[in-house]
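Please treat every number below as a calculation from the coordinates, not as lab data. None of these values were measured; they are calculated from a predicted model. Cβ coordinates were reconstructed from backbone atoms using ideal geometry, including for glycine residues, and neighbour counts include every protein chain displayed.
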Number of protein chains: 2
Amino acid sequence: MIPEIKAILKQITVQNSSTPAEKAKDYRFTKRMKSTPRSFIREILKVTQSPDVISFAGGLPNPALIDTAGIAKAARAVLARDGSKALQYATTEGDPSLREFISERYKKRLGLDIPADEILITNGSQQCLDLIGKVFIDPKDDIAIERPGYLGAIQAFSLYEPRFHAIPLGDNGPDPSVLERTVKRHRIRLMYGIPNSQNPSGITYSAQRREETAQILAGTSAIFVEDDAYGELTFSGRTLPSMRSSLPDQTILTGSFSKILAPGMRLGWISAPPPVMEKIIVAKQATDLHSNYLSQRIASQYLSENNIDAHITNIRNAYHAQCTCMLDRIRAEFPDGVRYTKPAGGMFIWITLPAGCCSMEVFESALKEHIAVLPGIPFYVDGGGTDTLRLNFSNSDEMKIRAGIQKLGSVIAALSGA
Amino acid sequence: MIPEIKAILKQITVQNSSTPAEKAKDYRFTKRMKSTPRSFIREILKVTQSPDVISFAGGLPNPALIDTAGIAKAARAVLARDGSKALQYATTEGDPSLREFISERYKKRLGLDIPADEILITNGSQQCLDLIGKVFIDPKDDIAIERPGYLGAIQAFSLYEPRFHAIPLGDNGPDPSVLERTVKRHRIRLMYGIPNSQNPSGITYSAQRREETAQILAGTSAIFVEDDAYGELTFSGRTLPSMRSSLPDQTILTGSFSKILAPGMRLGWISAPPPVMEKIIVAKQATDLHSNYLSQRIASQYLSENNIDAHITNIRNAYHAQCTCMLDRIRAEFPDGVRYTKPAGGMFIWITLPAGCCSMEVFESALKEHIAVLPGIPFYVDGGGTDTLRLNFSNSDEMKIRAGIQKLGSVIAALSGA
């Protein structure tokens, strides 16, 4: 048995409160740190990196789909040709050619006209959330988030001490009646959502639900923060309209190279209307001056000399196969009463356990079998979700998926008395 | 004449207030953004990158002292041997071998016992300030900073809405009587300082003043945030004790690879006692998950296969020569009544103009002569400093220093009526 399991299990029990504070009694920390949960996911990742664990817990891309050789070639070219500039300080906004690439891709993929100077390069798209918190969230401001909602966003925004309002996510997107009521009752500053292949649920908003959501928000004080980390990973290759098409002045778009290029380069971006971008730039300057310039230059070089569409198609096809395999095995191995989403893209399947079956018990029993899953609890800002699990399919090959889902099926069956 | 000058001059006039807000009237931003100045330095950098400007305004290392070939070799090795890991997600704390290097260097250079697990890798040392703000500064908390103080720290901390208390910096360090009075009157949460070759002043705290400062803070609620970005750049190679030696539980140390390796890799670090480090990790997770892992691996590889001491000695010698040249030319070219610091290391000389001579006028006139200098005003949290300038010597060769200081001498002479 893995020695860290006990430590992890102990941490889970406090993960929604402050971190263990006993030793910290001599220091006085900020109020905001009390309300910010430690990332359960990142704690779990530490254990699940052990080679004898099959992990469906993380959100890692398949390492076989990172073009290491291509990136190495691009790095050589940048450092040979322009190394001393690529290693120097650079502008806060980011590399112009990389921003230009993103601008052109928005045009091509989504028909959006977003000039390069409305795009700023961040340290992964997680940093977008921190910058948005800085610019938009005063303590006690009301903000809306999907239920279940992305844990990284809950963490990032928690530092700015908002009041969260959870909008239940159905098969077609956020519940319009709850959203409408929330917007009427509260001065919502922003709604955070992932319309394409949401994390954690795998749900994609329908075209109609996008339109309804936009109509409810139009003209209100709310910004829609559209996290599009998974938009390129739609299995069909088809993409529904961005919220920005319906809410041009009220949408902030965030994106990521982590899923299509490589997460270790920490490259994401934020796109916002000019008056908002001005504030984002000031916040970014104050936060870390600028993003890693060497990585920006390598990415830009890579994109200029490789067929990124072909590369993305490979990723889509691989994840589609892995997702299909996982769904097939779930259907075959999980007991009756388990519900699950059928993602159109992305990296995750969302499981609802049979009545009376608790995800923490599943987590614990599965980890003893060297299978890591992610209990859904931390994705709920208002409690609940104790019967839910998130399963990642992008980081496991079909052999691992078969073996892992079989064992997980037995665990769930045993715990649900099936 | 450079076309951007007018825009820059316009921006300076608002730099201590909010950014231009007229266009932003439809958006409601946070209170904290109102009190955060846009970085004058970064605006100036945009102009001064023009090749026909001699810039003493920035804080860039000499590009000739970035070992591009060595870093390229390290990048090749990392990507060839372990590319798919170096490009994957990694831990929040950072690369273990890089943290081990820092730990060993603290031991060797400063006699400090700081284990690797009390070190976290950040996106440049600027990010340390953001994380410290998150963990230690609630709105209206009292914090102390040198006068003049580092602009990047003023910006980073401003986002957390503290009350700044300025501690005047004399030739030997912060004024002990003002510090003592401030600590008695206010519950100071932290004091931020740069004991070695301070930015902007170039002043190094004497050993005695370090001890006095530590004695005043010992046992109070204050943390000393010791920014040691320039500690490796002491011309003599000798280093005075870290504040951590006298205040082990009350010191947070920050460091940077930007000055000894390359700024474009955005690698800094923060070292704090374990209870504080726990909070820093949570804040870092929420902010951007982890720092650029590819750069961390490249840096670690570079440090393992190169003689960093020899490289740092080269940098020290070069900057010492550049500093000496600038001081000589200042002595020869500037009119009487100009005062200036004589740095023991680092990158900056601090100028106090003759009575009645205004740094903004010097800035404006000098820019017309294609010489960029940095007015000292933004380094003062409580106003003042209108007769001060910061001059950077690290990013100009001796020819540029001679030509630039001569022209600057004429500008100051003309404006001061000498």
* Cut-off under 5 Å, modelled amide H: who pairs with residue B:146 long-range -> B:167, B:192
* the protein assembly as shown: calculated mean residue ellipticity at 222 nm from DSSP helix runs of at least 4, using -39500 (n - 2.57) -> -13500 deg cm²/dmol
* Structure fact -> Of the residues A:275, A:301, A:191, the Cα lying farthest along the dipole of the stretch A:68-305 towards its positive end, which is defined by charges on the beta carbon of Lys, Arg, Asp and Glu, belongs to A:301
* Structure fact -> Calc'd 3J(HN,Hα), the stretch B:159-170, phi into Karplus 6.51 cos²θ - 1.76 cosθ + 1.60 (θ = phi - 60°), Hz, glycine/Pro = x, comes to 4, 9, 6, x, 9, 7, 10, 8, 9, x, 9, x
* **Contour minus Cα-Cα distance for residue B:358 and residue B:77 (0.36 nm per residue)** => 95.9 nm
* Structure fact -> Between the residues B:264, B:72, B:235, the Cα farthest towards the positive end of the dipole of chain B, that dipole coming from +1 and -1 charges on the beta-carbon of Lys, Arg, Asp and Glu, is from B:264
* **Under 5 Å, built H, 5+ apart or other chain: amide partners of residue B:374** => B:390
* Asked: With Rg and the Kirkwood Rh both taken from Cα atoms, where does Rg over Rh land for the stretch A:147-207?
  -> 0.96
* Exposure rule at most 11 other beta-carbon atoms within 10 Å, DSSP loop trypsin sites (Lys or Arg not before Pro): chain B longest free segment -> B:239-418
* **For chain B, with +1 on Lys and Arg beta carbons and -1 on Asp and Glu, the positive-most of B:412, B:399, B:112 along the dipole** => B:412
* To do: For each pair in B:184/B:279; B:342/B:400; A:134/B:140, compute the distance between the two Cα atoms and list the pairs where it is over 22 Å.
  => B:184/B:279
* Structure fact -> Cα-Cα pairs in the protein assembly as shown separated by more than 51 Å, as a whole percent of all pairs, come to 15 percent
* Asked: Nearest 20 debye, what's the magnitude of the dipole of chain A about its Cα centre given +1 on Lys and Arg Cβ and -1 on Asp and Glu Cβ?
  -> 600 debye
* **For chain B: rounded, prolate or oblate by the Cα gyration tensor [a/c cutoff 1.5]** => rounded
* To do: Could you bin all the Cα-Cα distances of the stretch B:328-418 into 10 Å bins starting at 0 and give me the percent of pairs in each, rounded to whole numbers?
  => 17, 55, 26, 2
* Asked: Residues with amide H under 5 Å of residue A:122's amide H, sequence separation 5 or more or different chain, H placed in the peptide plane at 1.01 Å from N; which?
  -> A:268, A:269, A:270
* Structure fact -> Stokes-Einstein, Kirkwood over Cα pairs, the stretch A:239-390, 4 °C, 1.567 mPa s; D in µm²/s equals 67 µm²/s
* Asked: When every alpha-carbon pair in the stretch B:83-305 is counted, what percent end up more than 32 Å apart?
  -> 14 percent
* For the stretch B:290-329 and the stretch A:319-343, write down the distance between their C-alpha centroids in whole Å. => 53 Å
* What distance in nm separates the simple spin-label points at residue A:313 and residue B:28, each placed 7 Å from Cα in the Cβ direction? -> 4.9 nm
* residue B:171-residue A:306 pseudo-label distance in nm [points 7 Å out on the Cα-to-Cβ vector] -> 5.8 nm
* Structure fact -> the stretch B:97-138 and the stretch A:188-222 have their Cα centres apart by a whole-number Å value of 40 Å
* What is the stretch A:244-301 by shape, rounded, prolate or oblate, if you read a ≥ b ≥ c off the alpha carbon gyration tensor as root eigenvalues and call it rounded for a/c under 1.5, prolate for a/b larger than b/c, and oblate otherwise? -> oblate
* **Over 21 Å [Cα-Cα, the stretch B:164-270], rounded percent** => 33 percent
* Candidate aspartates and glutamates - alpha carbon under 13 Å from residue B:368, same-chain residues fewer than 8 apart omitted -> B:4, B:52
